Each structure stands twice: as structure tokens, then as C-alpha cells.
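Chemist: I have a structure I would like to understand better, so I am pasting it below and will then ask my questions one at a time.
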Amino acid sequence: MATTTLTQVELQSFPNNSTPWIPNTGIVQGESDPEDIRQDTAPPANAVEVLQKWNYPPKNVYRVGASFWGFFLMVTCALANSNLYAEKYIKLEQYYNLSYTVISLIFLSPFAGYTFASLVNDTVHVKFGQRGVAVIAGLCHLISYVVISLHPPYPVLVVMYVFVGMGNGLVDAAWCAWLGNMVSANQVQGFLQACYSFGGTVAPLIAAGMLAKTGLEWYYFYYIMVSVACIPELVHQELLTDKRQTVVAATELITSTWAFWAQTGHVYATENPRDVNAKTGRLREALSNKLTWIFAAFIFGYVGAEVSLGGWIVTFMTQVRSGTTFSSSLTSTGFWAGMTVGRMGLAFLTAWLGEFTSVIVYLGICIALELLFWLIPSFYVSAVAIAFLGMFLGPLFPTAIVLVTKLMPKELHVGSIGFATAFGGSGGAVFPFIVGALAQAKGVKALQPVVLALLVTISGLWMLVPRKGKRDEEVARVRWEGVVGAN
């Protein structure tokens, strides 16, 4: 006969030393407000970062959109220093009745702003977070565009371009560092940089039409820059009044501040914890890393080649290839359109090849296309070559940023990228100036050997970058300690 025995087991509570996390979210179970988590709860010591996506957490959709819009507006600096170099220089010289040397200051002054931004970028992040970047950069752009559109005395104009450079430098480092640490970073970075290139494609057409076709003064372009941010508002409003134009110019400031409002300095410090053994500031630590200097030198040469080409294509095609002003202007558009297509389309190939290999391949193609552009004296061959040159030149910058974010500690991303973009900005100021000086002495044909030398030089610099296998690079992306909030 079977018997049944009932046994009572006393349940005991055991201490749980691990913090329960909802999988793939970075949220602590039982918490309902992500902001409270970030402000009041320190991440556990064994926490591993969950990489953000462009659409996750959900608010990233707005933040990524604001970043893309900010990069589109950054094209003003490129226009001031490259695309309208010849046409705008003539207009400014006539308007202010100043010498070439004095006028050239406005093409160099944004570099001063970029440099200052590189020095304060990390401090702004630590004290004010990405919210501070959005507010300060937006104010720099808004103030400078409004003042420039009023065609002030020339010294004020120079100072305003410093503010333009500062705003661009803050945005450049902040959004590049943030998006470079996402899932599918090559694709996201490619689209971010494509927004800049797209601005470089359409803005010269608008500006050239205003300056060359209608004979309007140079400052009319900045009426567009003050009002260009009205695009989201035009869906709901009729034609803007003068008072509304100033309000509408704050769209970048408003959208970026709203999108990144929750990203305070405390949040940044939580997401980017410092090494407890670090004895120096983040910027100094970044500058002590040799990879920062290799990256900065690479960007210096890259930006020099890009801006030299973008700034002198029209003059070269007109004087050397005997093209008309209109057809030569279209080659500049083709160059920037090629960069836009390359940064978007080749991003997927870059992710497949890996960053190190893809840059070597793209640079090899760029050198071959530059030789075709230089050595074959045909307008149509040159036009096609320059478009494809832009296509393969474009991905180099975002790809380099992605690799740096993989190779360097996360807390050094802002300092390293900020310094490199500022240092690279000097290449965008120095080399077009050198090409201009050589063009006056030897003719605009001097453009080609300068660009070729820069491409060869940055190819050599790239070989100095530590190489990792694709698997190692992916592992490196998830090894940082910390936590990504879901806000």
C-alpha cells in the first residue's frame, strides 16, 4: 500500500548582489522613470553597455534627426571657406573695399572658433551634457547668421565667423562621437556626413544663382541662412514676416535643445565613466594618446584635399578645361553630390569590408581618379572623374571617426574627435589658401599636385593606425563599462 509523506520546506531569502536589468534596454526592473534611474541610481560595477540604435531608445529618432539637421546647416562654414571662394571673395572685396590679405581673414577665422571649441568641448559635456552643446552651438549659429545678414563692419564680420566656427566645432565633435558609438555606426555616420554633403550640393546652386545670376550682394545668402530653418514651420504657416524670420532662424536651437534636453552633464558623466586611476583631465588624456594625433593628421590632410577641390573646381574647369561658368559650376555640384551618394551608399560596403580595409581601397581609387582628372585634358572626363572622386572621398571622414570610437576609450571620444576636427579644420583653411597663392604665381593647375600629394600622404598616415580584425573591432564596441539609459 502506497503512502504519501508531506514535507515542509522553509523558504529563505538569499541576498541578491546583482541588479536586475531588463534585457536589451538598460532599465532596472521595477523602475518606471528612466530619468530617476540615471540621476539617482549608479550602474552596477559589472554592468556592460548596451549600444544605442538610431531608433532606440525611441527619443533617439528625434535626436538623430536634430543631429542631421544641424549638420545640414553646418554647410555655411563650407560655403564661407570653399564653394564660393572666388565669387564671394570678389563680392566682399568690392563691398568693403579691402585688400586680398585682409579679406582672407574671414576664410581663416572659423578655424579660431573650431580651435576654441576643441578646448572647451569636453568641459561643456561634463558640466552641461549634450544639452549644453545644443544650446551653445545653436546660439552661436543664430547670432552669427543674424548679424552677418545685417552686413556689419568688416571686423564684426570676422568675429561672427569665429562664432560660426565655434558652433560647428561643438556640433561636429559631439554628434560624431555620439553617433559613432551606435549599432551600425558606419551607416549612421555615413548618413550624418551625407547631410553635410547634401547641403554642399544644393547651397552653392542657391548662392551662385543669387551672386552670379542676379547680381545681389553677398549678404543676401545669409537671409536664406536665417530663414532656411523655416522648412518645418512652412507646413503650418504662411509666408513669414521679417519678425518671424528671426524667430524661425532659431529652429536649430529649439529642435536640438528639445531633443537633447534630458542629456545633462550628470547623464554624460554616468554614461562615460572615467578610469579611477586617471590623474589628468579628459582632454589632456586624449592628447597623450598617439592615436589622437594620427587621426588629427589624417583629418588635416583629408579636409585639406576636400576643401581645396571643392573650392577650386569651378576655377580649374573654367580656366584649364575651358568650360563655361555654368557648366563648370555643375562640376562642383557633381563633386558634392558624389560625396553625398558615397557617404550613404558606400556605408554598407564599409561595414562589410571593415573600416581599415575600406579606407585603403577608397584612397587607392581616389588617387587613380585624381590622376585621370589631372592628366586627361578633357572637360567631360574631368567632370566624371571629379564626381566619382567625391563619391570615394566622402566616406573617408565618417569611416575614420567610427574606427577611432572603436579603438579609443569611450570617455575620450569627445576630446579626441573635437581636437582632430579642429586640427583638421586648419587643413580646410590652410590648403585652399596655399592653392590660391600658388594659383596666383603658377596658375590654377597647381591644384592638382597639391591634392595628389595630400591623398598620398593620408594613405601613409592611415597605415600607422593600429589594425584590428573585424571580430575584434566588434568586440571592442561592447567592452566599455557603463550603462546606456533608455531616456
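The values are calculated or read from the model by the stated rules, or taken from the named source; none is laboratory data. Only a predicted model underlies this, so the values are computations on that prediction, with no experimental measurement involved. For neighbour counting, all protein chains shown are included, and Cβ atoms are generated from backbone atoms with ideal geometry for every residue, glycine included.
Chemist: When you scan region 320-341, how many residues do you find that are free of Cβ contacts under 8 Å to residues at least 60 places away in the same chain and either of a type in the set (S, T, N, Q) or touching a Gly at 6+ places or on another chain (Cβ under 6 Å) (or both)?
Modeler: Number of matching residues: 7.
Chemist: Is one or more of the residues making up region 184-202 out of contact with any helix residue (DSSP H, G or I) (no Cβ under 9 Å at 6 or more places or on another chain), surrounded by fewer than 21 Cβ atoms within 10 Å (Cβ to Cβ), in a loop (DSSP other than H, G, I, E, B) and touching a residue at least 60 places away in the same chain (Cβ under 8 Å)? Steps first, please.
Modeler: The initial filter retains those residues of region 184-202 that are out of contact with any helix residue (DSSP H, G or I) (no Cβ under 9 Å at 6 or more places or on another chain), namely none.
For region 184-202, residues out of contact with any helix residue (DSSP H, G or I) (no Cβ under 9 Å at 6 or more places or on another chain), surrounded by fewer than 21 Cβ atoms within 10 Å (Cβ to Cβ), in a loop (DSSP other than H, G, I, E, B) and touching a residue at least 60 places away in the same chain (Cβ under 8 Å): absent.
Chemist: Moving on. Answer yes if at least one residue in region 362-374 is touching a residue at least 60 places away in the same chain (Cβ under 8 Å), assigned to a helix (DSSP H, G or I), aliphatic (A, V, I, L, M) and surrounded by 21 or more Cβ atoms within 10 Å (Cβ to Cβ), and no otherwise.
Modeler: no
Chemist: Out of region 307-317, which residues are under 16 Å from Leu455 (Cα atoms) and either of a type in the set (A, V, I, L, M, F, W, C) or at pLDDT 90 or above (or both)?
Modeler: Passing the criteria: Val307, Leu309.
Chemist: May I ask you to list the residues in region 253-292 that are of a type in the set (D, E, K, R), out of contact with any Leu (no Cβ under 9 Å at 6 or more places or on another chain), modelled with pLDDT under 80 and more than 22 Å from Tyr56 (Cβ to Cβ)?
Modeler: Filtering region 253-292 for residues of a type in the set (D, E, K, R) gives 271, 274-275, 279, 282, 284-285, 290.
Cutting the leftovers down to out of contact with any Leu (no Cβ under 9 Å at 6 or more places or on another chain) gives us 271, 274-275, 279, 284.
Next, from what is left, pick out any that are modelled with pLDDT under 80: 271, 274-275, 279.
Answer for region 253-292, where residues must be of a type in the set (D, E, K, R), out of contact with any Leu (no Cβ under 9 Å at 6 or more places or on another chain), modelled with pLDDT under 80 and more than 22 Å from Tyr56 (Cβ to Cβ): Arg274, Asp275, Lys279.
Chemist: In region 398-416, is there at least one residue being assigned to a helix (DSSP H, G or I), without any contact (Cβ under 8 Å) to a residue 12 or more places away in the chain and among the aliphatic types (A, V, I, L, M)?
Modeler: No, that holds for no residue.
Chemist: Also: Looking only at region 319-352, count how many residues are under 29 Å from the mean Cα position of the chain (by Cα), among the hydroxyl-bearing types (Ser, Thr, Tyr) and more than 11 Å from Phe198 (Cα to Cα).
Modeler: 5
Chemist: Right, Glu238: of a type in the set (Asp, Glu) and modelled with pLDDT under 65 or not?
Modeler: When the stated conditions are applied, Glu238 passes them.
Chemist: For region 428-439, does any single residue satisfy the condition of being under 18 Å from Asp172 (Cα atoms) and buried (at least 22 other Cβ atoms within 10 Å of the Cβ)?
Modeler: Yes, region 428-439 contains at least one residue that is under 18 Å from Asp172 (Cα atoms) and buried (at least 22 other Cβ atoms within 10 Å of the Cβ).
Chemist: Restricting to region 321-353, what's the tally of residues that are surrounded by 15 or more Cβ atoms within 10 Å (Cβ to Cβ), modelled with pLDDT under 90 and outside any helix (DSSP H, G or I)?
Modeler: Final tally of qualifying residues: 1.
Chemist: Something else about it: Determine which member of the set Ile386, Ile401 is crowded, with 24+ Cβ neighbours inside 10 Å and more than 20 Å from Phe300 (Cα to Cα).
Modeler: Answer to the check: Ile386.
Chemist: Pick from Leu157, Leu79, Leu142, Leu92: which is at pLDDT 85 or above and assigned to a helix (DSSP H, G or I)?
Modeler: Result of the check over Leu157, Leu79, Leu142, Leu92: Leu157.
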